[in-house]
Amino acid sequence: MRVDGIYSNKEWGRMPATHYNPSGTGYNSYKYDTGQTSYQSSYRSRFLQDQKDTSEQGTCIADDDDGHLIYQAGDLLQARYEVASTLGEGTFGKVVEVKDVHRNQEHIALKIIKNIEKYREAAKLEINVLEKIREKDPEGRYLCVQMMEWFDYHGHMCIAFDMLGLSVFDFLKDNHYIPYPLDQVRHIAYQLCYAVNFLHENHLTHTDLKPENILFVNSDFTGVFNPKRATWPTFYKQYFTLSLIISLGLQKRDERTVKCTDIRLIDFGSATFDHEHHSTIVSTRHYRAPEVILELGWAQPCDVWSIGCIIFELYTGFTLFQTHDNKEHLAMMERILGTLPYRMIKKTKKTKYFYHGRLDWDSKNKNGRYVRENCRPLKGYIRDKGSEHRQVLEIIEMMLEFMPTDRMKLKDAMKHPFFRPVKKQHPNRYPEYTPTPDREAKPKSRRSSRIVEEIKEEEARAKAEEKKADAACAMQCDDGNLAPQLSIDEKDVDDVRYEHILKDEEARTKIDSERSPIQHGINLPALEEEKSRSEPKILNNLKPPKKFVMKKKRNRNQKKRVKQGQETFLILR
């Protein structure tokens, strides 16, 4: 099935009213009402040009202003994939549910990248990563999503994947942020460590691990109506008042339990090989490691930090570091995990966050009180006194070590006692990965910023000198000003990835605003704003301290002490 024109609701919102004529073809299929003649003519010329460019295939392709492919349900792409519905939209493009007419109408997820050069370049890097994963794991045993095929559709890079279920975050959200049962937390966490360890063994860092990028293979669930809610609200009594629990409807609600906790890891658009250029900022804010915030360089340990934050979220139902500011983020880390190591503070160039070797953070102002009242040491978040609950917090703590070199490695994490039941239940399901050497060893790039091991001071100086030499070679001298220059491709990729991070943070901000009462029990910013409004009235009613009050009536014999210089005089009235 081919179509002559492909449109979207977004495009229609900016166009005059139309009436579809099935007997017409191409642009003539749509009859426009009067008005907006200039826009019609420009749009018509654009379509005629598209028809000319695609006349060999007999179809008309159009993009919206953002570079997205305009399509409708029933459209056929590449003479194979019939569009069914839109699954989601992101920075890179859209994910569409399609039916493969060559494979018995099998439903497939098709990622359609924007028709913009920088997004195409980023998509090529993702395809390169996916091909490497398919080469190393053709059977998909290591739980990374498998690319079925990719193709270029009129400037849109398209990548086909198997259809999967909801993400662990969407399931948590639909379940009103009720935490996963401990057994399910264990299985999901083990699979996540297993998949990411496979990437690390192949010198690859995901850099964007978060619950949204962990999908259930099948998200079917069983529902139970629990009127008393006697399980998890007991844990949250330390956060909520009874009136708040009732107002949020947490006492009477259906509880969902996913039937199968098998997962797949997705979204390799930001994945980076060790030898490739490393962007300065990676990871979504809530799961960002301290070395990334302080711009100390990063490698595989930043993924381990993200996994620790994810396990905490699955275990408690809320985000560990719910913030959108670097300094507040560091303050939360210190409140929950302890003081930042002096070695990291000494090495960072972000000196504006510190004062005399310590975090410059006032715990008495509004933001400081917010952190102090809503964050607690990690062990304070335990749901139960059982040994398994202590073990899950122990493994989280080992993954959230400040120093990347001290952080637990994933191959060691999978041997932790917390994961023993998974190995007993699935003895042969998760074989240990043995990396195979590449045919051609790729040279390491000096531009790659990595913190792999603690190095001596002399080696650090030598490495710094090498970086300066590399930067000098890459500098472009214009009017006497030297500025380091990246290649165009690297610039574009950095821009796309940073845009992706910002868009994810914006989406999380909206979610956090809805979830903040669930995490913190009260909306502190609103209370602080209300309090600040009432402060002027209170100050106006305050009386000055008694020592400044001059009494009108005095006894004649009353003595008044007046201190002047070093002498004190007694004055008789």
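The values are calculated or read from the model by the stated rules, or taken from the named source; none is laboratory data. Since this is a predicted model, take the numbers as computed values, not measurements. No Cβ is skipped: glycine too gets one built from the backbone with ideal geometry, and neighbour counts run over all protein chains shown.
Among the helices (runs of 4 or more DSSP H) lying completely within the stretch 310-405, list those that include at least 2 residues that are under 27 Å from residue 501 (Cα atoms) and either touching a helix residue (DSSP H, G or I) at 6+ places or on another chain (Cβ under 7 Å) or not assigned by TED's automatic domain parsing to the domain that holds residue 196 (or both). Walk me through how you get there before you give the answer.
On the way: elements: 326-337, 342-347, 366-374, 387-399.
Here the list reads 326-337, 366-374, 387-399.
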| field | Answer from 353, 381 - the residue that is touching a Lys or Arg at 6+ places or on another chain (Cβ under 6 Å) and modelled with pLDDT of 90 or more | value | 353
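Quick check on this structure: which one of 359, 340 is surrounded by 13 or more Cβ atoms within 10 Å (Cβ to Cβ), in contact (Cβ under 8 Å) with a residue 40 or more places away in the chain and under 25 Å from the mean Cα position of the chain (by Cα)?
Values: 359 fails: in contact (Cβ under 8 Å) with a residue 40 or more places away in the chain.
After applying the criteria, what remains is 340.
Would you be able to say whether some residue in the stretch 299-308 is among the β-branched types (Val, Ile, Thr), assigned to a loop (DSSP other than H, G, I, E, B) and modelled with pLDDT of 95 or more? It would help to see each step written out before you state the result.
Restricting attention to the stretch 299-308, the residues satisfying the condition of being among the β-branched types (Val, Ile, Thr) are 304, 307.
This time we only want the ones that are assigned to a loop (DSSP other than H, G, I, E, B), so: none.
No.
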| Do we find that residue 119 is outside the structural domain of residue 196 (by TED's automatic domain parsing), assigned to a helix (DSSP H, G or I) and either at pLDDT 95 or above or aromatic (Phe, Trp, Tyr) (or both) in this structure? | yes
| message | Conditions first: (1) outside any loop (DSSP other than H, G, I, E, B); (2) within 20 Å of the chain's Cα centre (by Cα); (3) surrounded by fewer than 19 Cβ atoms within 10 Å (Cβ to Cβ). Residue 215 passes all but one, so which condition is the exception? | response | (3)
| query | Can you name the residue in the stretch 65-78 that is in contact (Cβ under 8 Å) with a residue 60 or more places away in the chain and either out of contact with any Leu (no Cβ under 8 Å at 6 or more places or on another chain) or of a type in the set (Val, Ile, Thr) (or both) and, of all such residues, is surrounded by the most Cβ atoms within 10 Å (Cβ to Cβ)? | reply | 69
| Matching option when the condition is within 23 Å of the chain's Cα centre (by Cα) and over 21 Å from residue 316 (Cβ atoms), among 137, 208, 170 | 208
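Working only within the stretch 128-145, note down all residues that are surrounded by 16 or more Cβ atoms within 10 Å (Cβ to Cβ) and not in a strand (DSSP E or B). Before you say what the answer is, go through the steps one by one.
Residues of the stretch 128-145 that are surrounded by 16 or more Cβ atoms within 10 Å (Cβ to Cβ), as a first pass: 129-130, 132-133, 136-137, 142-145.
Within the stretch 128-145, 129, 130, 132, 133, 136, 137, 142, 143, 145 qualify.
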| Out of curiosity, is residue 134 without any contact (Cβ under 8 Å) to a residue 40 or more places away in the chain and of a type outside the set (Val, Ile, Thr)? | yes
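Residue-wise test of (1) touching a residue at least 24 places away in the same chain (Cβ under 8 Å); (2) under 26 Å from residue 496 (Cα atoms); (3) not basic (Lys, Arg).
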| site | (1), (2), (3) |
| --- | --- |
| 118 | yes, yes, no |
| 122 | yes, yes, yes |
| 126 | yes, yes, yes |
| 130 | yes, yes, yes |
| 154 | yes, yes, yes |
| 181 | yes, no, yes |
| 188 | yes, no, yes |
| 203 | yes, yes, yes |
| Scan of the stretch 411-426 for residues that are small (Gly, Ala, Ser) and outside any helix (DSSP H, G or I), ordered by number | none
| task | For the stretch 172-186, enumerate the residues that are surrounded by fewer than 20 Cβ atoms within 10 Å (Cβ to Cβ) and in a helix (DSSP H, G or I). | result | 173, 174, 182, 183, 184
| query | When you look at residue 189, is it part of a helix (DSSP H, G or I) and touching a helix residue (DSSP H, G or I) at 6+ places or on another chain (Cβ under 8 Å), yes or no? | reply | yes
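Of the residues that sit in the stretch 103-119 and are of a type in the set (Lys, Arg) and touching a helix residue (DSSP H, G or I) at 6+ places or on another chain (Cβ under 9 Å), which one is nearest to residue 206 (Cα to Cα)? Talk me through it step by step, then tell me what you get.
Our first condition is that a residue be of a type in the set (Lys, Arg); within the stretch 103-119, this holds for 103, 111, 114, 118.
Cutting the leftovers down to touching a helix residue (DSSP H, G or I) at 6+ places or on another chain (Cβ under 9 Å) gives us 111, 114, 118.
Numbers: 111: 18, 114: 22, 118: 20 Å.
By that ranking, first place goes to 111.
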